[in-house]
Amino acid sequence: MKKKNINKINSLWWVPLLVGIFIYVFLRPDNLIYNDLFSSPIKIKINTNSKVVGFLIYSLPNGLWSMSFSQLIFHIYKIRTLKIIILSSIMLFVGIIIELLQYQSFMNGTFDINDIFSYIMSYLIVLFIQK
Amino acid sequence: MKNFLTILSILFFLIIGLASIEDEAPAINSETQPVLSVNSKTLYKDYTNNEIAADDKYKGKVIQVSGTIRDIGNDIMDDAYITLIGDDFFGDIQCFFPDKSSLINLNKGQKVTVVGYCTGLFVNIILQNCVIK
């Protein structure tokens with residue numbers, strides 16, 4: 001991909017973040033920490049029995065959050081050195097560590113292998129875009 | 001400048017990430033339907049009789065508990081609570097309320113019905129995110 005296009009895609013780092021926020025605010029039940037401060041009066045009711053829908057609502061936002069951060073780091077530095085690649089993966093590791101802490105019951109929330117899959121896939125997509 | 005932006009980005013995303021973690025107790029309002037109803041003495045008796053069986057029955061569920069208020073106050077984290085009499089000595093059901101204003105008109109000895117999320121036995125039997133029915 002041309003560098004100009006890569007920079008253009010990275011400059012849209014806020015898009016995955018906004019999509020994730022939309023899912024959290026309008027599709028997720030109000031049992032998250034931020035709901036102590038804010039709760040949307042509008043909720044879109046979706047049947048989450050399907051695995052795909054469950055993944056889109058409960059796991060995808062995690063990947064979008066990590067993806068958005070990685071894009072932002074590449075957008076700030078506009079280079080692809082090892083240091084920047086490591087820096088861009090911080091939220092990937094933060095997310096995986098949180099999942100592992102949840103698995104060990106050291107932290108509130110539910111461990112879900114799909115969340116880890118979502119983190120890794122979204123980071124790989126960002127790396128692929130930088131090629 | 002880039003380092004500053006990086007630190008700012010990390011902080012921004014950490015805040016968003018941590019704020020999006022599940023709160024252990026689900027939000028409860030006056031329309032929330034409890035899974036089961038029980039009076040405070042029965043709930044306490046169930047826990048003293050067999051904690052494992054009681055956890056299986058109540059823990060992790062939104063339940064409705066009726067009982068008499070023994071105490072009203074704030075804990076060390078300034079979280080408002082009432083305790084419902086569980087036995088004749090010190091055994092209580094401790095109900096925490098996110099909205100302090102709902103406790104203003106309550107008195108010790110008053111009978112109330114509370115809906116809350118049971119997190120099990122920890123000195124007292126704990127109910128989180130409670131509302132007065």
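The values are calculated or read from the model by the stated rules, or taken from the named source; none is laboratory data. Bear in mind that the values here come from a model prediction, so they are computed numbers and not experimental data. Methodologically, a virtual Cβ is constructed for each residue, glycine included, from the backbone with ideal geometry; neighbour enumeration extends over all protein chains shown. Accessible surface areas use protein heavy atoms only, side chains included; no ligands, DNA or RNA. Shrake-Rupley method; radii C 1.70, N 1.55, O 1.52, S 1.80 Å.
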Quiz prompt | Check on A:LEU72, within 11 Å of another protein chain (Cβ to nearest Cβ), free of Cβ contacts under 8 Å to residues at least 24 places away in the same chain and open to solvent by less than 80 Å² (accessible area, probe 1.4 Å) | solution = no
Quiz item: Just for the stretch B:99-114: of the residues that are open to solvent by 80 Å² or more (accessible area, probe 1.4 Å) and among the polar types (S, T, N, Q), which one is nearest to B:ASN29 (Cα to Cα)?
Solution: B:ASN105
Quiz item: Residue check, A:SER88 against (1) in contact (Cβ under 8 Å) with a residue 60 or more places away in the chain; (2) of a type in the set (Gly, Ala, Ser); (3) within 12 Å of chain B (Cβ to nearest Cβ), all met but one. Which one?
Solution: (1)
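Hey, can you tell me all the residues within the stretch A:104-119 that are surrounded by fewer than 15 Cβ atoms within 10 Å (Cβ to Cβ) and either of a type in the set (Phe, Trp, Tyr) or closer than 29 Å to B:ASN3 by Cβ (or both)? Please lay out each step first, then the result.
So the first thing to find is which residues in the stretch A:104-119 are surrounded by fewer than 15 Cβ atoms within 10 Å (Cβ to Cβ), and the list is A:104-106, A:110, A:113, A:117.
Residues satisfying the conditions are A:PHE106, A:PHE117.
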Practice problem: Of the conditions (1) open to solvent by less than 30 Å² (accessible area, probe 1.4 Å); (2) within 14 Å of chain A (Cβ to nearest Cβ); (3) part of a helix (DSSP H, G or I); (4) not β-branched (Val, Ile, Thr), B:ALA54 clears all except one; give me its number. | Solution: (2)
Quiz item: Among the residues of the stretch B:1-32, which ones are open to solvent by 40 Å² or more (accessible area, probe 1.4 Å), within 14 Å of chain A (Cβ to nearest Cβ) and more than 30 Å from A:PHE93 (Cα to Cα)?
Solution: B:ASN29, B:GLU31
Quiz item: Do we find that B:THR119 is open to solvent by 10 Å² or more (accessible area, probe 1.4 Å), under 27 Å from A:TYR34 (Cα atoms) and assigned to a loop (DSSP other than H, G, I, E, B) in this structure?
Solution: no
Quiz item: Mind checking whether some residue in the stretch B:79-95 is among the aromatic types (Phe, Trp, Tyr) and farther than 17 Å from B:PHE122 by Cβ?
Solution: yes
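Across the stretch B:122-133, which residue is nearest to the other protein chains (Cβ to nearest Cβ) among those that are at pLDDT below 90 and open to solvent by less than 50 Å² (accessible area, probe 1.4 Å)?
B:ASN129
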Exercise. Could you list, in sequence order, all residues of the stretch B:58-77 that are surrounded by fewer than 17 Cβ atoms within 10 Å (Cβ to Cβ), free of Cβ contacts under 8 Å to residues at least 40 places away in the same chain and not aliphatic (A, V, I, L, M)?
Key: B:ASP71, B:GLY73, B:ASN74, B:ASP75
